[in-house]
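Following: one structure in structure tokens, then a few remarks.
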Amino acid sequence: MLAGGLSSRMQRPKAWLPFGGQPLLVRVVEALRRAFEHVVVVGAEGQDLPFTGATVLRDGLAARGPLAGIQAALIGAGTPAVFAVSCDAPFLQPALARHMAHLAEGHDAAVPRWQDRLHPLLAVYSTRLLPAVSRLLKEDRLRPVFLLDEGDVRIVEEDEILAADPHGLSFCNMNSPDEYAAAVEAIPVRVTFELFGPPRLLAGGSEVAVDVPRPALLGSALAALAREAPALVGSVLDVHGIPSPAYLVSVNGREFTVDRGRTLADGDRLLLLSASAGG
Amino acid sequence: MIAGNEEGRAALASLFEDRLTRAGGPLGWRSAPAGEVPGGYWGRLLHVDLARRRWEFLPLEEQLLRRTIGGGSLGAALLHRWCPAGADPLGPENPLLLVTSPLLGTPLTTTAKYTVVTKSPLTGFITDSLSSSFFALALKGCGADAVVLTGRASQPTWLELDGSGVRFHDARALWGRPAGEAARTLRDRLGRRVRVAAIGPAGERLVRFATISNDRRHAGRGGVGAVMGSKNLKAVAVHSGPVPGAADPQALLEIAARVRERSLGPATLKYRSLGTTANVALFNRLAALPSYNFRRSTFDGAERLTGETLAAERRVKRLSCAGCTVGCEHVFKSAKTGGAGRLEYETLFALGPLLGVSDPDAVLQSAQLCDLLGLDTISAGGTIAWALEAEEKGLFARAGFAPLQARFGDGEGVARLLTSIAERRGVGDLLAEGSLRAARTVGGGSEHYAMQVKGMELPGYEPRSLQTMAVGLAVGSRGACHNRSGAYEADFSPGVDRLRADETRGRLAAESEDRSSLMDSLVLCKFLRHCFEDVYEQGAEMMRAVTGWDVTPAELRTTAERATSLKKAFNLREGWTPADDTLPERILTESLPSGVAAGVSLTREDLRMMIDAYYEARGWAKDGTITPATRQRLDLAGVLGESS
């Protein structure tokens, strides 16, 4: 998580921007946690950051931009590769982050191309690139995109992105107060699936939170669940999130439904259970 | 631990053949039925008079078999014929019926079940209690569709049955021993092809909720074990023998393959992966998990008892009944004793949350005790829950009883009470009578805390947060029962508000009861219910292949409906009144305090309205009696052997 930007166009620190009831940094770190076991925040020396529980690395090179942040992460994270993202990606989809990490295996980097643009701040970098990063910094070539000429880079194309993030939500970023206002307006509905019985065993956990673009429909939420918890695909859901007839959903423990067109509200709890509920 | 299709197919392809061969001897179902008797039936019953030590085969009319099929429905008709009106349930005149069904012994999965039918010493009405596995298969080979046990043996006795008749044996050496131990002794003596159903100490001492046990399974509800004990009958040992042939073995094999395939799919994954223990977490979330004697419908300690937690921390293995491809039995080990035992939802509920116990080891210990002693876990838990609350309120002391020395959450205290019940020692003698009779003895308003219907303790389905199930529990012919009514399925369906009452629930409850009746007549395990698009259509297909009759889905709908009215007819004869179809006072006067159902209540008027709708859906009169038109439509007189 690269949090050390200057936020000059935003005119206020992005990390602290209120977003869906929490500071933006906290929101994006939560999304990363749903994708990865280990999350580090890279901030500038002395920068005031909201508490996320993640390790904070200080790059000391705030004025030198995100490439310095990537360098700090590659040195300090202690993993063979990092998924680097800036904190102004409020709708980052964990499924895309995981998907990218998977596609990066065996390459020096994996970078998505969305709407004909490469997005180096939503990309995976291997520690094998560290010498190149150091050299670029030394040469004062500070744009992360320069790094893409430095090794074996896997470009992740739009059709591959759509499999994990069908609305491209992860690519929504905001640099100005107007973009921030628009993003707040478009905050997807966040719902949480509670898994019972076989779904819980298969997914290896009891809850999965997903973001659903507005208007938020149960069908979209189930599709997001299929992406977030792929272990459910097959016996519980199909790849599109359509449940097997052996399963149904209860909205907030009150109403049982199989209506994929059912509208959801922010904070809804969706119980996914076997239709053979009971004896 | 989840059996996938391929694993299941590979492992189970030979299971039927193997198990049927071991349990049933020659594969009789392959041969076409002989003579006039329809396929799947012997066309006769075996009457055993324990007092006179005589037995005889008596014919069963084909019309009776066709109109009742088997299981609980055939048993209800036979009970009506064999039990004198007003019989003392623990007297020699009350017959104990072991009833088979036409699908039993065929390669159809989950059909290895038999039904014990009698007049219940707990309710005074009919009870029909199913058990399964190898004994059921062996029983089918005993040369009769039902065994009718009457009279009382002059001394403890066990019976030896084979296709040719009955031998009477002295059971004094077995008396006092757990059912499983008695069974092992008899199998050691008679050979491994013999299967045994027996009672434990609770049955011998006429505990009104004692069970009959076989092959780790139990005919649990209604005190059938006490009726067996009242006959001085310790055990029935059956030599496995050939079973009746099917009319169309090839068609039957094809149907069996299809059902088996489905039984290994998503529709039963819950049972294969966790069994009914999966209900604990869900019911707690839905505020449908009764705790502390139904004062609450959530339980703070539920997480420790969820199937998911138990499976992760202490599951040892998964087992199945004979001839079953599902395998719903999950065995867990005790961290305290190292021993292992089976747990399912009702036992977890009744010996856990209902008693405020959250320690899995304590629940496991109580469950194992119930199995050893021969106690129905639901009624045992329900009766103890009543006692703990009455004690809490000082009602035992006020009635002059010694202190109970147990409280909610006290697993050791519960274990002591279970033993004292089976031994009828101290307060256990009172509790052995069940919660309703015990409450009447203790008085002081303690009836308010007896969570029973018709004397049978409620299962783990909170009626206030499952208001369709509330109807099913209230009107059940054998009392509060989740097996005869699956109305909770309606509560868990789209379009139904489970926290509110309305008139549609009467019809929904009746429809659920009919589906259950059909499955309990054929017999098929209800865990298969989501494997069928239409159980009437697929049931008719099975019946045609087995019996050769031209059975239609419409006929089966009538047969299922008839089953409920047959049981009702017996209860009417035994003094049923509309006041018997109700729910405990607490359910109708207290609102739920916690969870998603906080503040929800069920009024007496709402329950009455739903029950009226249920009577109407059944074609019964407003007072719950069976109208002459319905009697005639269902030909009750013919089935009951009465002159019309």
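Computed from the coordinates by the stated procedures, all read-outs in this text should not be read as laboratory data. All of these numbers come straight from a predicted model, not from anything done at the bench. Cβ placement follows ideal geometry from the backbone for every residue including glycine, while neighbour counts extend to all protein chains displayed.
If a spin label sat at a point 7 angstrom from the Cα of A:Leu142 along the line to its beta carbon, the backbone N atoms of region A:101-134 nearer than 17 Å would be those of A:121, A:133-134. As a ratio to 2.2 N^0.38 Å, the alpha-carbon radius of gyration for region A:14-183 is 0.97. Neighbours of B:Glu423, meaning other residues whose beta-carbon lies under 12 angstrom from its beta-carbon, give a summed charge of +2 when Lys and Arg score +1 and Asp and Glu score -1. Thinking of region B:513-584 as a set of Cα atoms, what percent of all their pairs are more than 16 Å apart? Every Cα pair in region B:513-584 considered, those over 16 Å come to 54 percent.
Partners of B:Lys140 within straight-line reach, counting lysines whose Cα lies under 19 Å from its Cα and excluding those fewer than 8 residues away in the same chain: B:Lys113.
Projected label points at A:His102 and B:Ala340, each 7 Å from Cα along the beta carbon direction, are separated by 3.6 nanometres.
As an equivalent ellipsoid, region B:421-548 spans semi-axes of 34, 21, 10 angstrom, where each value is the square root of five times an eigenvalue of the C-alpha gyration tensor, largest first. Evaluated at q = 0.08, 0.10, 0.11 Å⁻¹, the base-10 log of the normalised Debye intensity for chain B, with identical point scatterers placed on the Cα atoms, takes the values -0.52, -0.84, -1.05. When +1 charges are put on Lys and Arg Cβ atoms and -1 charges on Asp and Glu Cβ atoms, the dipole computed for region B:263-456 relative to its Cα centre reaches about 260 debye.
Given +1 at the Cβ of Lys and Arg, -1 at the Cβ of Asp and Glu and no other charges, the dipole of region A:32-176 around its Cα centre is 320 debye to the nearest 20. For region A:188-274, the Cα gyration tensor yields ellipsoid semi-axes of 17, 13, 12 Å (square root of five times each eigenvalue, largest first, whole Å).
Computed over the alpha-carbon atoms, region A:225-274 gives an Rg to Rh ratio of 0.95, Rh here being the Kirkwood radius from the mean inverse distance. Partner aspartates and glutamates whose Cα lies under 14 Å from the Cα of B:Lys234, excluding those fewer than 8 positions away in the same chain, are identified as B:Glu160, B:Asp170, B:Glu181, B:Glu204. The value of relative contact order for chain B, using C-alpha pairs under 8 Å at least six residues apart, is 16 percent. Here, P(r) means the percent of Cα pairs in each 20 Å bin from 0 to the largest distance; for the protein assembly as shown it is 14, 41, 27, 15, 4, 0. Cα-based Rg of region B:268-350 per 2.2 N^0.38 Å, rounded to two decimals? Compared with the compact-globule rule of thumb, region B:268-350 sits at 1.11.
Computed from the C-beta positions of B:Asp534 and B:Arg52 and an R0 of 45 Å, the FRET efficiency is 0.40 to the nearest 0.05. Rounded to the nearest 0.05, what FRET efficiency do A:Thr257 and B:Glu61 give with R0 = 35 Å and r taken as the Cβ-Cβ distance? Could you check? E between A:Thr257 and B:Glu61, to the nearest 0.05, is 0.10. What does the charge add up to near B:Arg318, with Lys and Arg as +1, Asp and Glu as -1, over the other residues with Cβ less than 11 Å from its Cβ? So the surrounding residues net to +3. Sorting the Cα pairs of region A:89-232 by distance into bins of 10 Å, from 0 upward, gives 11, 33, 32, 19, 6, 0 percent per bin. Over region B:263-456, what is the relative contact order in percent, taking alpha-carbon pairs closer than 8 angstrom and at least six residues apart? Over region B:263-456, the number comes to 17 percent. Normalised by the number of residues in region B:487-548, what is the relative contact order in percent for Cα pairs under 8 Å and 6+ residues apart? 23 percent.
Using the rule -39500 (n - 2.57) for each DSSP H run of four or more residues, divided by the residues of the protein assembly as shown, the 222 nm mean residue ellipticity is -10500 deg cm²/dmol.
With the alpha-carbon atoms of region B:263-456 aligned to their principal axes, the span from lowest to highest coordinate is 55, 33, 30 Å, starting with the largest. The residue among B:Ser366, A:Ala209, B:Ser512 whose Cα reaches farthest toward the positive pole of the charge dipole of the protein assembly as shown, with charges on the beta-carbon of Lys, Arg, Asp and Glu, is B:Ser366.
Here B:Lys393 is the anchor, and the aspartates and glutamates within straight C-alpha reach of less than 14 Å, apart from those fewer than 8 places off in the same chain, are B:Glu447.
The listed peptides B:232-245, B:591-604, A:95-108, ordered by packing as a protection proxy, come out as B:232-245, A:95-108, B:591-604 (highest mean of other Cβ atoms within 10 Å first). Computed about the Cα centre, the dipole magnitude for chain B is approximately 1460 debye when only Lys and Arg (+1) and Asp and Glu (-1) carry charge, each at its Cβ. Cβ screening of chain B for cysteine pairs under 4.7 Å finds these without a partner: B:Cys83, B:Cys142, B:Cys328, B:Cys370, B:Cys481, B:Cys525, B:Cys531.
If R0 is taken as 30 Å, the Cβ-Cβ distance between B:Arg425 and B:Ala85 corresponds to a FRET efficiency of 0.30.
All C-alpha to C-alpha distances of region B:18-239, sorted into 5 Å bins beginning at zero, yield P(r) values of 1, 8, 16, 21, 22, 16, 9, 4, 1, 0 percent in whole numbers.
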